[in-house]
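Here is the structure we will look at.
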Amino acid sequence: MPRATNGPASRKRRKRILQRAKGFRGFRSKLFRYAKDAVYKAWQYEYRDRKRRKGQFRRLWIVRISAAVRERGLTYSRFMEGLKAANIDLDRKVLADLAIADSAAFDAIFAQAKSAIEAKEGASLRA
C-alpha cells in the first residue's frame with residue numbers, strides 16, 4: 001500500500017502562506033520555508049501595532065488640544081483640570097476634532113473650563 005502524504009492539504013497550506021508573503025522581498029516570497037517565518041513575524045508586528053496605534057492617536061489628540069489651548073493662554077494639564085472641575089465629559093478625540101473643525105464650540109468649552117478653574121482657585125483662597 002502506498003504511503004499517504006496528505007499532499008492536497010499540505011499544498012493548500014503552503015499556497016496560503018506563499019499568498020500571504022506576496023510582495024515580500026527575495027526568497028521570503030518565493031520559498032515556503034522562509035516565507036513561513038516572514039509571515040509569522042508579520043503577524044506579530046500586526047498584532048503589536050494594532051495596540052500601538054491607539055496610543056499614537058491619543059498622543060496626536062493631546063498635541064492638537066495642547067496647541068489649541070496654548071493659543072488661548074492655558075496649558076493642557078490646566079485645561080483638563082478645568083474640564084474635570086466643570087464636569088465636562090468629552091474625550092480627547094472629540095476635543096481635538098472640535099479644536100480643528102469648530103473653534104467656536106471649542107472656545108465655549110474653553111471658557112467653561114477656565115471659569116471652573118478660577119472658581120476652584122477662589123474657593124481655595126477663601127478657605
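The values are calculated or read from the model by the stated rules, or taken from the named source; none is laboratory data. Given the structure is predicted, the values throughout are model-derived calculations rather than measurements. Glycine also receives a Cβ, built like all others from the backbone with ideal geometry; neighbour counts cover every protein chain displayed. Note: areas computed on protein heavy atoms with side chains; ligands, DNA, RNA excluded. Shrake-Rupley method; radii C 1.70, N 1.55, O 1.52, S 1.80 Å.
What is the number of the single condition among (1) loosely packed, with under 12 Cβ neighbours inside 10 Å; (2) modelled with pLDDT of 95 or more; (3) in contact with a Leu (Cβ under 9 Å, 6 or more places away or on another chain) that residue 89 does not meet? Going through the list (1) loosely packed, with under 12 Cβ neighbours inside 10 Å; (2) modelled with pLDDT of 95 or more; (3) in contact with a Leu (Cβ under 9 Å, 6 or more places away or on another chain), residue 89 breaks only (2).
With respect to the conditions (1) touching an Asp or Glu at 6+ places or on another chain (Cβ under 8 Å); (2) loosely packed, with under 13 Cβ neighbours inside 10 Å; (3) not small (Gly, Ala, Ser), residue 52 lacks only one, and its number is (1).
Is it the case that some residue within the stretch 79-86 is farther than 27 Å from residue 101 by Cβ and of a type in the set (Phe, Trp, Tyr)? Within the stretch 79-86, none of the residues are farther than 27 Å from residue 101 by Cβ and of a type in the set (Phe, Trp, Tyr).
Scanning the stretch 1-20 for residues that are open to solvent by 90 Å² or more (accessible area, probe 1.4 Å) and in contact with a helix residue (DSSP H, G or I) (Cβ under 7 Å, 6 or more places away or on another chain) turns up 14, 20. Of the candidates 40, 76, the single residue that is among the aromatic types (Phe, Trp, Tyr) and within 23 Å of the chain's Cα centre (by Cα) is 76.
Taking the stretch 37-127 and the helices (runs of 4 or more DSSP H) fully enclosed by it, the elements with 1 or more residues that are among the aromatic types (Phe, Trp, Tyr) are at 76-85, 103-126.
Considering only residues that are under 18 Å from residue 104 (Cβ atoms) and open to solvent by 40 Å² or more (accessible area, probe 1.4 Å), which ones fall in the stretch 62-86? If the condition is that a residue be under 18 Å from residue 104 (Cβ atoms) and open to solvent by 40 Å² or more (accessible area, probe 1.4 Å), then 64, 67, 71, 72, 73 are the ones that fit.
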